[in-house]
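Visitor: There's a structure below that I have some questions on.
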Amino acid sequence: MRVLVTGGMGYIGSHTCVQMIEAGMTPIILDNLYNSKKSVLSRIEMLTGVSPAFYEGDIRDRTFLDKVFAENKIDAVIHFAGLKAVGESVEKPLEYYDNNVHGTLVLVEAMRAAGVGSLIFSSSATVYGDPASVPIKEDFPTSATNPYGRSKLMVEECLTDIQHAYPEMSITLLRYFNPVGSHQSGLMGEDPQGIPNNLMPFISQVAVGRREFLSVFGDDYPTVDGTGVRDYIHVLDLADGHLAALTHKGSEAGLHIYNLGTGNGFSVLQMIDAFSKAAGVEVAYQVVSRRPGDIAECWADPAKAKEELHWQATRTIDDMTADTWRWQSSNPDGYPDL
Ligand code: NAD
Ligand code: WQD
């Protein structure tokens with residue numbers, strides 16, 4: 001199966017490409033390298049022995065997309081490309097709507113022109129807003145509290161309308177919970193540019209000595225220890241979820257929606273503790289006030305994906321922390337510049 005992977009040089013996309021190659025699929029990567037480095041390609045080759053086709057360009061460039069579709073017989077598209085920083089989206093809403101919403105529409109136009117009818121879209125648990133209860137099921141109400149989340153919700157709504165209008169299409173919305181971890185080799189991992197927004201890369205940069213301490217955003221939530229609780233999922237389990245979605249739903253016309261999470265919640269303090277044990281170093285932290293917009297707890301009910309995609313997360317918190325540490329300690333400054 002030949003799959004166009006937009007954003008395939010990024011964190012989740014690169015791990016998914018490795019798993020695809022291992023499973024005998026052929027990823028064709030399209031990325032503008034806005035938030036990734038070209039050296040990712042050689043890491044994919046080191047791990048798999050295969051250097052996938054790579055097109056450097058933007059999903060908003062229709063002429064470029066038409067060329068990529070014309071040069072490759074593509075069976076399906078996995079669409080990771082987009083901007084993902086919540087705080088930045090508040091400062092730069094135009095960029096987020098342009099990249100995430102407009103970019104997706106241009107991509108789908110190009111797919112239709114090329115006769116490609118199968119799409120998997122990277123959505124997020126952020127579309128559930130502040131859920132009334134946990135665990136979260138796919139039919140819970142959706143809402144958004146920031147432009148990033150709204151862009152994901154808008155794309156979900158656009159794709160829903162598009163699938164209704166073109167019922168022969170297969171469109172799968174995968175709602176990721178909190179992706180963390182790295183390839184177990186230590187050769188690939190998350191490489192945020194600038195100050196990390198997310199918990200796990202921040203913890204690992206403190207552990208490796210790049211940052212002095214972690215700020216824990218609030219310890220007065222109604223949770224097990226007062227800190228926020230999330231459903232952390234190993235990036236390779238997440239990657240495998242895409243393969244399962246392609247295999248089981250990629251050629252079935254319809255709109256398909258799945259949570260990709262483990263069904264377990266861990267608090268910030270539990271993550272710090274797990275990481276300290278995996279790395280064998282203390283992670284310095286200070287409790288500060290809550291981060292605006294944060295919710296107390298969020299974890300998935302992953303039963304639908306288990307039943308219909310025959311997929312479930314298998315990697316533990318210890319795998320997530322140990323693999324992150326292997327990547328961070330052997331690549332303290334992330335991927336090299338070429
Ligand atoms: P990432 O930034 O590492 O990867 C995204 C890739 O897309 C980058 O390589 C970037 O260069 C590329 N890109 C961005 N805009 C582009 C454009 N206009 N044209 C071509 N390429 C473009 O992010 P990630 O963590 O791998 O996330 C992948 C997807 O999953 C995103 O859509 C994100 O919103 C979604 N998601 C991520 C998380 C998370 O916590 N990482 C959670 C839920 C959903
Ligand atoms: C996790 C927990 C923080 C950093 C975000 C997006 C979501 C999705 C995943 C893309 C929370 C706490 C964090 C720090 C901390 N992304 N924390 N100190 O907020 O669940 O989700 O990333 O779709 O849309 O909103 O993830 O990793 O930022 O935070 O105490 O320096 O860690 O308060 O409880 P979040 P996160």
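The values are calculated or read from the model by the stated rules, or taken from the named source; none is laboratory data. These numbers come from a predicted model, not from an experiment. Note that each Cβ is placed from the backbone with ideal geometry, even for glycine, and that neighbours are counted across all protein chains shown. To get the accessible areas, we keep the full protein, side chains included, count just its heavy atoms, and leave off ligands, DNA and RNA. Shrake-Rupley method; radii C 1.70, N 1.55, O 1.52, S 1.80 Å.
Visitor: Give the average over all directions of the projected area of the C-alpha convex hull of the stretch 134-200, one decimal, in nm². Write out the running numbers ahead of the final one.
Guide: Numbers: hull surface 29.9 nm².
That works out to 7.5 nm².
Visitor: For the stretch 65-133, what % of the accessible area comes from carbon and sulfur atoms, probe 1.4 Å? Mind dumping the intermediate values first?
Guide: Values: 1530 of 2810 Å².
C and S atoms contribute 54 percent here.
Visitor: I'm a student and want to see the number: the projected area of the Cα convex hull of the stretch 1-54, averaged over all directions, in nm².
Guide: Details: hull surface 12.1 nm².
Quarter of the Cα hull surface area: 3.0 nm².
Visitor: What accessible area per residue, rounded to a whole number of Å², is obtained for the chain using a probe radius of 1.4 Å? Kindly include the intermediate steps, with their values, before the conclusion.
Guide: Details: 14040 Å² over 338 residues.
Here the per-residue accessible area is 42 Å².
Visitor: Starting from the Cα of residue 308, move 7 Å in the Cα-to-Cβ direction to define the label point; list residues of the stretch 110-133 whose amide nitrogen is under 19 Å from there.
Guide: Hits in the stretch 110-133 for residue 308 at 19 Å: 117-128.
Visitor: Quick one: angle between helix 39-48 and the longest Cα principal axis of the chain, in degrees between 0 and 90, rounded to 10, please.
Guide: Orientation of helix 39-48: about 80 degrees from the principal axis.
Visitor: Something else now. Please compute the Kirkwood hydrodynamic radius over the stretch 250-332, one decimal place, Å, based on all pairs of different Cα atoms. Numbers along the way, then the final one.
Guide: Details: mean 1/r = 0.0635 Å⁻¹.
Result for the stretch 250-332 stands at 15.7 Å.
Visitor: Could you order 166, 148 by accessible surface area, starting with the largest, using a probe radius of 1.4 Å? Don't skip to the end; give the middle numbers.
Guide: On the way: 166 80, 148 30 Å².
Result, largest first: 166, 148.
Visitor: Measure nothing fancy, just the Cα-based angle from helix 235-249's long axis to the longest principal axis of the chain, in degrees from 0 to 90, nearest 10.
Guide: 30 degrees
Visitor: If you don't mind, there's one more thing I want to ask. What's the Cα-based Rg to Rh of the stretch 98-140, Rh via Kirkwood? Please list the in-between numbers first.
Guide: Numbers: Rg = 14.7 Å, Rh = 12.8 Å.
Ratio of gyration radius to Kirkwood radius: 1.15.
Visitor: Follow-up question, since we're still on this one. How long is the stretch 185-338 along each principal axis, judged by its Cα atoms, biggest number first, in Å?
Guide: If we take the Cα atoms of the stretch 185-338, the spans are 50, 45, 26 Å.
Visitor: Please report the Cα spread of the stretch 90-213 along all three principal axes, rounded to whole Å, starting with the longest.
Guide: 52, 37, 31
Visitor: Given 106, 288, 196, which one lies farthest toward the positive end of the charge dipole of the chain, if we put +1 on the Cβ of every Lys and Arg and -1 on the Cβ of every Asp and Glu?
Guide: Ranked along the dipole, the leading option is 106.
Visitor: Stick to Cα atoms and the Kirkwood definition of Rh, then tell me Rg/Rh for the stretch 1-151.
Guide: Details: Rg = 16.2 Å, Rh = 16.3 Å.
Looking at the stretch 1-151, the ratio lands at 0.99.
Visitor: Separate question: Given a cut-off of 30 Å, what percent of all Cα-Cα pairs of the chain lie beyond it?
Guide: Details: 17751 of 56953 pairs.
Cα-Cα pairs in the chain separated by more than 30 Å: 31 percent.
Visitor: I want the local charge near residue 163. Using Cβ-Cβ distances under 14 Å, sum +1 for each Lys or Arg and -1 for each Asp or Glu among the other residues. Mind dumping the intermediate values first?
Guide: Working: positive: 112, 249; negative: 156, 157, 161, 168, 252.
Charge balance near residue 163 sits at -3.
Visitor: While we're here: Specify the inter-centroid distance of the stretch 271-323 and the stretch 53-105, based on alpha-carbon positions, in whole Å.
Guide: 28 Å
Visitor: Given 0.36 nm per residue, what is the gain on full extension from residue 71 to residue 277 after removing their alpha carbon distance, in nm? Kindly include the intermediate steps, with their values, before the conclusion.
Guide: Numbers: separation 206, 0.36 × 206 = 74.16 nm, distance 4.89 nm.
Result for the pair: 69.3 nm of gain on full extension.
Visitor: Per the Kirkwood treatment, what hydrodynamic radius in Å, one decimal, follows for the stretch 192-266 from the mean inverse distance over all distinct Cα pairs?
Guide: On the way: mean 1/r = 0.0648 Å⁻¹.
For the stretch 192-266, inverting the mean 1/r across all distinct Cα pairs yields 15.4 Å.
Visitor: Hey, if you put +1 on the Cβ of every Lys and Arg and -1 on every Asp and Glu Cβ in the chain, which of 217, 182, 164 ends up farthest toward the positive end of that dipole?
Guide: With unit charges placed on the Cβ atoms, the residue in question is 182.
Visitor: Give the longest segment of the chain that steers clear of GluC sites (Glu not before Pro) in DSSP loops with at most 14 neighbouring Cβ atoms within 10 Å, not counting the sites themselves. Show your work: numbers first, answer last.
Guide: Working: sites that count: 168, 212, 252, 282.
Longest gap between qualifying sites, sites excluded: 1-167.
Visitor: Could you work out the pair-distance distribution P(r) of the stretch 73-153 from its alpha-carbon pairs, with 5 angstrom bin width and percents rounded to whole numbers?
Guide: Result, from short to long distances: 3, 15, 22, 19, 17, 14, 8, 3, 1 percent.
Visitor: Over the stretch 213-338, what percent of the accessible surface lies on carbon and sulfur atoms, probe 1.4 Å?
Guide: Result for the stretch 213-338: 49 percent of the exposed heavy-atom area is carbon or sulfur.
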